[in-house]
Each structure stands twice: as C-alpha cells, then as structure tokens.
C-alpha cells in the first residue's frame, strides 16, 4: 500500500507552525506497515487543495488528509474531496446531535457554521472525534482510499489510533494484527547503537527492527504480525534477547517511557527519596524529574548552586576546594562529590545527584566547554563520580549533562 | 512569485525526524515576500524525486529543495535535477579545493565519495556552504528557478540567509529590499493580542503586520520595502507607535530575543543579582535563566523546595504557615512572599523570585490545579506577590508559571 499524507493549512504553508502531524502520521503508517511515498502541505484554498488531491491520486492508493474539517469558511477539505470525487455532502446525524448537545450543556448559542463539522461525504465511513466536534471521514473510490482527519493534534491522534488505523488495516487484507515492543536506551548514542545492531537491522524481516531517536533518547521498536500476543511474543522474545545480550546494560525499559519516568517509578516502588545539587545544568535535572506526575512523592528538591559562593554557603563546599591556584575548582570530581554528599544530608534523602561542569560558550577555570562531573551520593554505599566530556552548544551540553546524571543514577539503582 | 519547498529524505518520510527545514524556509520566503503554495516531502529515490520536481515545475516558478547533497549514494538531488533539466554535472573547483584542504588539515584519508559534494549543474550559480562541505546550487531554466540546499539545518540556514535569499531577491526584480521589525510580547496570549490589534491586522497593507506564536511567546513582525532604513523607519514607526499605544506594557523587546534574554540583559546592564525559590516549577525557571549565555554573571542560583520540609529547612518558612487546618499552606500568597524574601537574603541578591502552585494532575491542599503564586522580593522596595490561575496540563502549567514569573520580574525591572 502506497500512502501520501496531505496536511492542509495556510499556517503550515507560512511556517507559523511546525508540521508535527505529518511526522506523527508517517510514524503511525510505518507501524501499520504502510509505506509513505510523499508528504504534501497545501493552504486553505479550494483550487490548490483539489490539485493536491489529484496529484496524490496519481501516485498513492491511500491518501490521508489532516486539517480543514473545522467550522469556518477556510475549512474546505470535505468540500474539495466531494467535488473532486463527484460525491454529495451529507449530514452525519450522530455528530450533529453531539454538537447540539455540547452547545446546550455549555449554555452557549450555537453559531450556524458549527453544523459544518457534522458533514461527511455520502457513502463514507464516519470516524468519531472523541476530543472535538469535527467528524472524520474514510472512504474508497476507484481503488484509492481517503482518510480525512482534523488538524488539531489532540483530536487527530486519537481519531487515527482508535478508528483510522483499524479502517486502514481492514483495507490491507491482513488478517493478523501488529504487535510491537519498544526498547528504550540510555547512556548510548544513536550511531553507536546502530553500529552494535547493524547486522540485525540489515538482515531484519520479521520482526522489523526500527531505531528511533527522539528528544535526545534512543529507542528500538520491534514489530511483527501475529494471530495472538503469545504468538507474537514467540517471534519478539529471541530478538529482544539478542539485543539485550549485546546492549542490556543500556536498556532501561521495554515500553515507551522516559528515563526520568522510569527513575521515579523505581524510587516510588522502593520508597526512596532523591535530591539534586545542580551547577551547570541550572535546574534542568530537577525540571526533568518534576515533569513526571507523582514525582513529589520521591523528589525532595534541590539547590541550583550556580555560583561558588552558593556552593560554599548553601552546600558547605570549602572555598579552598573551589578557588585558588592549587584548588580542584568548581568543575572537579572533588566538588561533585561534596555537592552530592552535602545535598543528600541537607535533604535527608536516600540519593542525591550533583552536576558541575562547563556549559559554555566560554571555558571556565581553564577547563574546556563540555567537561562535566556527575556525582551520586548514597545513604548505603560510597559516592560515585563520573567524568564526562560532552559536545554541542550550551543547550545540548545542559541537556546531555542532565540526561547523563539520570543515567548514572539509574545504573546504581538497577544494581542495588 | 510562487514557490514550492521540497524536502528530500527518507528519514522525513518515515517520520524519524521533524521537518523543521520546511518551516524555516516557509518563514524565510514569507519574509522575502515570496508566496509558498506547496510543500512536498519525498524520499531518497531518483524516480520519485524526479516526479516531485516535475510536479513542482507545473505549479511553481521557484523550487527550493533541501537535502540530498551529501556524499553518499543516497544523496541524489543534484543528479535528479540535472537529468530532469538535461544538464551536465560539473565539478566546482573551489569547493573541491576546500574539501581536500579540510581532509588534509584533519589528517584524515578522504573517501572518494566526498568529491560528490563539490559537484554542481553546468551554468549554475554555486551557493557557498560556510558550515559544511556540500556546495549549494541556484539556476533558472525555462522560467523556473531552482535552489538546492543541504539538509542539515546548521548548513542550510546560513546558506539560505547569506546567499540564496539575495539570489532570490535578484530574480524578483524588486529594487527595494525588505526591512522588518519584531515586537516581542509577554503577559498576553495570542488571541487577546489578535483581538486588540484586529483592526490594524485587517486593514494592513504596508507595512504588513504578522503575528507569530512560538514556544509560548507571542510576537508581531512588521515588514515593509523601502530604499533605505530611514525610509523604512518612516513607515514602520507610526505602526509601532500605534501598537505600543495599545499594548506597550506587554512589549519587552523590539528585536527577536526571549524574555529571559531580555531580563539577563537588563540585570547585567545594571549589575543586579537574581535568585529563585521554586516549588511547582521544579527548576524550570532556573533552567530558563541559565539557558542564556552570560547568565552566570547575574544569576546566583536557587532552591527547588519541592517539599514542605525543604521550604522550612532551607528557606525558613515556619511549619505553621505551611501545614495545619488554619494555615495559609504551601500554595499561598504568604508562602510565596516568605520564599522570595528568604531566598533573596540567603543568596545575597538584589531580586529573588518565588513560584509555588499546583501543577497537577492532582489538586493539592484542596486547591485547584493551575493555581500559582509568584513572588518577587527586592532589596529596594516591598515584595510583590501575584496570584494566577493557569490552564493546561502539568507541562504547560509549569511552563506558563515560569514565564509568568519572568514577566512579573520584568514588569518591576522596567519601572525601577
């Protein structure tokens, strides 16, 4: 099946927003085993939208449109497709009832144009919108299938996952559903990971092995078709075992969670408390941990000791460790150790992480940009300090230092 | 001039990376006064790339390709365009010299395929690559202009800004260059801003008035064509004055800087020191401030007092303010005030910000998700506390609370 994704919206064409919908749909199609051959963006203009639909028809047998299903006169996708296919527009009564009910409940007067959101093409399948008003549409004509989805991601994604994916699968005449498994990695870059698994990736067929890199994390998705979960597991297990045999020390989860989510999960499960003393990351580590709902049960808090004075005053690092010709300096293993140990004591936590380094753009204490020390102090056991040399600009060094600290903490937690 | 942007790369088609290049080029074209009518994504495949070029030729007179200029066999853009136009591929000697020089300097053996990056189409204009090896190409044939840019953003953007933009302008026969001015807003949402300026936006012609919303910040760009900066200013000034008359208290800069950059600039200029005590934002405020290069000169650091115990122990808020049936509680004006004042004293800073609230997903102390108090303590002057009711999920509430704290601080700084 050859697919084309058409994102409709003048705000995309002007570059006012990023086309995250196309990325989402491209990944979702790959997961379904559908090959995407083209993506197109077109504005809210009937003539050019019609042209894009016709071009897509000439080179795809599945056309997925997102955007242009709303209530305004700029929302043209259903009209353009109906005209292009010579079909009538009809009212989808359950959607209309839902729209009227919504306005009644909220006590708001319904502007007539809202009725447009309940329209669909005759003889098409409606796709329910669980997070909005505009109904989606799926239909096949002359061997080409069309899916019309709304533009807002919070409406589009659930509609695709819950309804459009199944509709597409039914068109693919594939009796067996897909089963996939996500392996999440830490402490290893995308290229090293691909290097270690290159032979597996190159000779893959079933299950498929797809590396993903997103937001600084690396993942591998294993996917296969099978009649049952048990049958899928029989195919997925040996591949996962092979990957774990090579890179098991970097795999922190077999599901799509972030490293900070996994750490909060481990700490919660063992009723352990955490704190952090941050210098070069400037609060980013704490921000990552506290982005996890429920983190308040395990995270005590931290100190952003951005200056030597605060390292000394709030965390008791002696000034002769921080400054002076023969001192180790703020960016040193010794300072990382003391920050972590002091932080743990002050917070009364089981673990405390410290991060001190040079985020750039200028070097500091004659030390190079990217040099970072990460310390982990423990109630049970010695403090561990790792020295890292990270690359990138200020933002990436901060990001990588915080992620590396999460990784050091996770390595200790998994063996204890 | 009608433009089409073609992004080439299988990793885009599979959704492995976001198509940020298309957004950048769309915005850049809008700034040049070039209308983008379509965007296309196609994989590293000669047949489909050729098809995309031909489709674009039928509907655009400027085709901007990005990607596929590298050294590997997957990099096909120049070959595909040459074949499509019936032109020869030739070596661009200055680029070849640069590539050989680079390998010589690094002492690395040059793989033969790197020569491909110095190739261009006969009778075309080279576009220099200041951050990489692959030379860009610009040419016009049969009334259609083509620009070939590399895929990596750090190579593509400078090539566009420094060379391609001028090349395009020269084709537009527009003697007068564009002048634009960016007004950045804080403490106001996109829809309120549009509402306040709707009449100006609707009757705009010259200068054009374009609202931008990115990363939670709102901006207005004014653009006009003129012979000189002075002549442009004559057209831009009255519009800026009108906008300032309506919304001046929200305009923190007349150039494209973030609110945290502007605050660090003001603090540096006045040699003032800052600190922050964060509860619900969990380090995000500190992270934002420390993302600005040079912030270490003005930012002392902060305390992430995520638990009541740390609010008491590290910042001296009495337990009977934080807990108990009649206590104001951790999320209160009183706690915000004490956190800010204590933080300022401990850090020895001129200003200290405090943020305490309910980020969700669960309510806390019987207080609703999104309730946030922001305090600003000052060496000179009383502490100011603002109560906010923010909406969104945990991540957006953290983000909006931190940005609101920046805004409160900026409001005080601008009047002092």
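The values are calculated or read from the model by the stated rules, or taken from the named source; none is laboratory data. All values derive from a computational prediction rather than experimental measurement. Neighbour counts run over all protein chains shown; Cβ positions are idealised from the backbone, glycine included.
Being assigned to a helix (DSSP H, G or I), more than 24 Å from residue B:250 (Cα to Cα) and touching a helix residue (DSSP H, G or I) at 6+ places or on another chain (Cβ under 7 Å) is a property that holds for residue B:334. Say we look at region B:302-334 and pick out the residues that are within 14 Å of another protein chain (Cβ to nearest Cβ) and farther than 17 Å from residue A:303 by Cα; which of these is surrounded by the most Cβ atoms within 10 Å (Cβ to Cβ)? Across region B:302-334, the extreme among qualifying residues is B:330. Can you tell me how many residues in region B:351-381 are out of contact with any strand residue (DSSP E or B) (no Cβ under 7 Å at 6 or more places or on another chain) and closer than 17 Å to residue B:299 by Cβ? Matching residues across region B:351-381 total 1. Go through the residues of region B:40-47 one by one and say whether even a single one is touching a helix residue (DSSP H, G or I) at 6+ places or on another chain (Cβ under 6 Å), assigned to a helix (DSSP H, G or I) and more than 9 Å from every other protein chain (Cβ to nearest Cβ). There is at least one residue in region B:40-47 that is touching a helix residue (DSSP H, G or I) at 6+ places or on another chain (Cβ under 6 Å), assigned to a helix (DSSP H, G or I) and more than 9 Å from every other protein chain (Cβ to nearest Cβ).
For every residue, the table says whether it meets (1) assigned to a loop (DSSP other than H, G, I, E, B); (2) buried (at least 20 other Cβ atoms within 10 Å of the Cβ); (3) away from chain A (no Cβ under 14 Å); (4) at pLDDT below 95.
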{"residue": "B:31", "(1), (2), (3), (4)": "no, no, no, yes"}
{"residue": "B:74", "(1), (2), (3), (4)": "yes, no, yes, yes"}
{"residue": "B:87", "(1), (2), (3), (4)": "yes, no, yes, no"}
{"residue": "B:90", "(1), (2), (3), (4)": "no, no, yes, no"}
{"residue": "B:98", "(1), (2), (3), (4)": "no, no, yes, yes"}
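Note on region A:140-177: among residues that are within 22 Å of residue A:102 (Cβ to Cβ) and in a loop (DSSP other than H, G, I, E, B), the one that is farthest from the chain's Cα centre (by Cα) is A:150.
For region B:1-24, the tally of residues that are part of a helix (DSSP H, G or I), touching a strand residue (DSSP E or B) at 6+ places or on another chain (Cβ under 8 Å) and within 7 Å of chain A (Cβ to nearest Cβ) stands at 2. Of all residues assigned to region A:315-323, none qualifies as being assigned to a helix (DSSP H, G or I) and under 27 Å from the mean Cα position of the chain (by Cα).
Would you list the strands (runs of 3 or more DSSP E) that sit entirely within region A:178-258 and hold 3 or more residues that are at pLDDT 85 or above?
Those strands (runs of 3 or more DSSP E) span A:178-185, A:217-225, A:251-253.
Regarding region B:292-301, can at least one residue be identified that is in a loop (DSSP other than H, G, I, E, B) and either buried (at least 24 other Cβ atoms within 10 Å of the Cβ) or away from chain A (no Cβ under 13 Å) (or both)? The answer is yes, given that some residue of region B:292-301 is in a loop (DSSP other than H, G, I, E, B) and either buried (at least 24 other Cβ atoms within 10 Å of the Cβ) or away from chain A (no Cβ under 13 Å) (or both).
Suppose we filter A:92, A:109 for residues that are touching a strand residue (DSSP E or B) at 6+ places or on another chain (Cβ under 7 Å) and more than 26 Å from residue A:3 (Cα to Cα); which single one remains?
It is A:92.
Which one is farthest from residue A:351 (Cα to Cα), of the residues in region A:376-399 that are more than 14 Å from chain B (Cβ to nearest Cβ) and in contact (Cβ under 8 Å) with a residue 40 or more places away in the chain? Among residues in region A:376-399 that are more than 14 Å from chain B (Cβ to nearest Cβ) and in contact (Cβ under 8 Å) with a residue 40 or more places away in the chain, the one farthest from residue A:351 (Cα to Cα) is A:387. The test for being more than 14 Å from every other protein chain (Cβ to nearest Cβ) and assigned to a loop (DSSP other than H, G, I, E, B) does not hold for residue A:282. Out of the residues in region A:147-164 that are in contact with a helix residue (DSSP H, G or I) (Cβ under 8 Å, 6 or more places away or on another chain) and crowded, with 23+ Cβ neighbours inside 10 Å, which is farthest from residue A:66 (Cα to Cα)? Among those that are in contact with a helix residue (DSSP H, G or I) (Cβ under 8 Å, 6 or more places away or on another chain) and crowded, with 23+ Cβ neighbours inside 10 Å, it is A:160. Please verify whether region A:118-139 includes one or more residues that are in a helix (DSSP H, G or I), surrounded by 14 or more Cβ atoms within 10 Å (Cβ to Cβ) and either touching a residue at least 24 places away in the same chain (Cβ under 8 Å) or more than 26 Å from the chain's Cα centre (by Cα) (or both). Yes, because at least one residue in region A:118-139 is in a helix (DSSP H, G or I), surrounded by 14 or more Cβ atoms within 10 Å (Cβ to Cβ) and either touching a residue at least 24 places away in the same chain (Cβ under 8 Å) or more than 26 Å from the chain's Cα centre (by Cα) (or both). Put simply, of A:204, A:249 the only residue that is surrounded by fewer than 17 Cβ atoms within 10 Å (Cβ to Cβ), out of contact with any strand residue (DSSP E or B) (no Cβ under 8 Å at 6 or more places or on another chain) and over 30 Å from residue A:393 (Cα atoms) is A:204. Under the condition of being crowded, with 21+ Cβ neighbours inside 10 Å and out of contact with any helix residue (DSSP H, G or I) (no Cβ under 7 Å at 6 or more places or on another chain), the residues counted in region A:53-66 number 2.
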